[in-house]
Amino acid sequence: MISFTSSHHQAVDNFSFISETPLDLCAILSEAHHPEAGAVVLFSGEVRNHSHGKSVSYLDYEAFAPMANKIIAEIIGDANEKWKLNIALCKHRIGKVNICETAVIVITASAHRVEAYEANQYIIDRVKHEAPIWKKEFFSDGSYEWSHNCGCFNLG
Amino acid sequence: MQVQVFAMMKDYFDERFELDMNIKNIIDLSEKLIDINPKSKSLLPACRFAVNNEFIDQNYIFSDNDIIYIIPPSSGG
């Protein structure tokens, strides 16, 4: 079972949010149901075939796993504090991820949809900006580039 | 002390290396790293630093046995 309820925060500490193997959305979703939840929201962050006007072949993700796990656990804990959630989970791939494959999945479930939608967006926004995970974009022309999610620095 | 870098910082430094000179905090460390590779100058101010899986700030004083992790801006998702 990979889901967490708000009464099981301690379980998060022992869970790996980082996956070296492909994320099976259907398998993960099949376990993300809860008798008190009338809404289940699934976000799948997928690899698209273009970036910065260039054709993308694939992405390669790297993580500092110990801290990524810790930070994602904190983010999920914070989401559980802010909303009444029956399920809140996140899994992020590392390694090579091909076009149309899932790089990150967030599932939230709650009694009604507003909480599940809001919490889901909160989790993915913070995971993208705070978890020490990085993507390297490999382009069709053979070049590559480390991506960055914000304009807080410029490599010039 | 040992230093480990990630992602785009590996374009500028070995993934893991040792520094044994007198470096007491992240200000000294950043200056030293810019000396070693001036190309890191624009990226370093955007990086976070961590020891023992905790982020540190400039008030943290390094110990000889510390492994300092230099964490560039995240680009997950």
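Brief remarks follow.
- Where both bridge residues fall in the protein assembly as shown, DSSP classifies roughly 85% of the beta bridges as antiparallel.
- Centroid-to-centroid separation of the stretch A:11-79 and the stretch B:1-62 [C-alpha atoms, Å]: 29 Å
- Chain A: angle of helix A:113-130 to the longest principal axis, Cα-based, in degrees nearest 10: 40 degrees
- Extent along the principal axes, Cα only, for the stretch B:2-71: 26, 23, 19 Å, with the longest axis given first.
- Note on A:Glu101/A:Glu74: beta-carbon distance plugged into 1/(1 + (r/R0)^6) with R0 of 22 Å gives a FRET efficiency of 0.25.
- Residues listed by number, the stretch A:101-125, amide nitrogen under 16 Å from A:Thr21 label point at 7 Å toward C-beta: A:102
- Antiparallel beta bridges, as assigned by DSSP with both residues in the stretch B:2-71, represent about 70 percent of the total such bridges.
- Its Cα gyration tensor gives the protein assembly as shown an equivalent ellipsoid. The semi-axes, each the square root of 5 times an eigenvalue, are 34, 22, 14 Å from largest down.
- Only helices enter the 222 nm calculation for chain B: every DSSP H run of n ≥ 4 contributes -39,500 (n - 2.57), and dividing by all residues gives -4500 deg cm²/dmol, rounded to 500.
- Count, lysine Cα pairs under 22 Å in chain A, 8 or more residues apart or across chains: 18
- Low-density loop cleavage sites - GluC sites (Glu not before Pro) in the stretch A:33-99, where at most 12 other Cβ are within 10 Å (DSSP): A:Glu36
- Theoretical ellipticity at 222 nm over chain A - DSSP helices of four or more residues, -39500 (n - 2.57) apiece, nearest 500: -9000 deg cm²/dmol
None of the figures in this text is laboratory data; all of them are computed from the coordinates on show. Not measured: the values here are computed from a predicted model. A quick note on method: Cβ atoms are made from the backbone with ideal geometry, for glycine too, and the neighbour counts reach across all protein chains shown.
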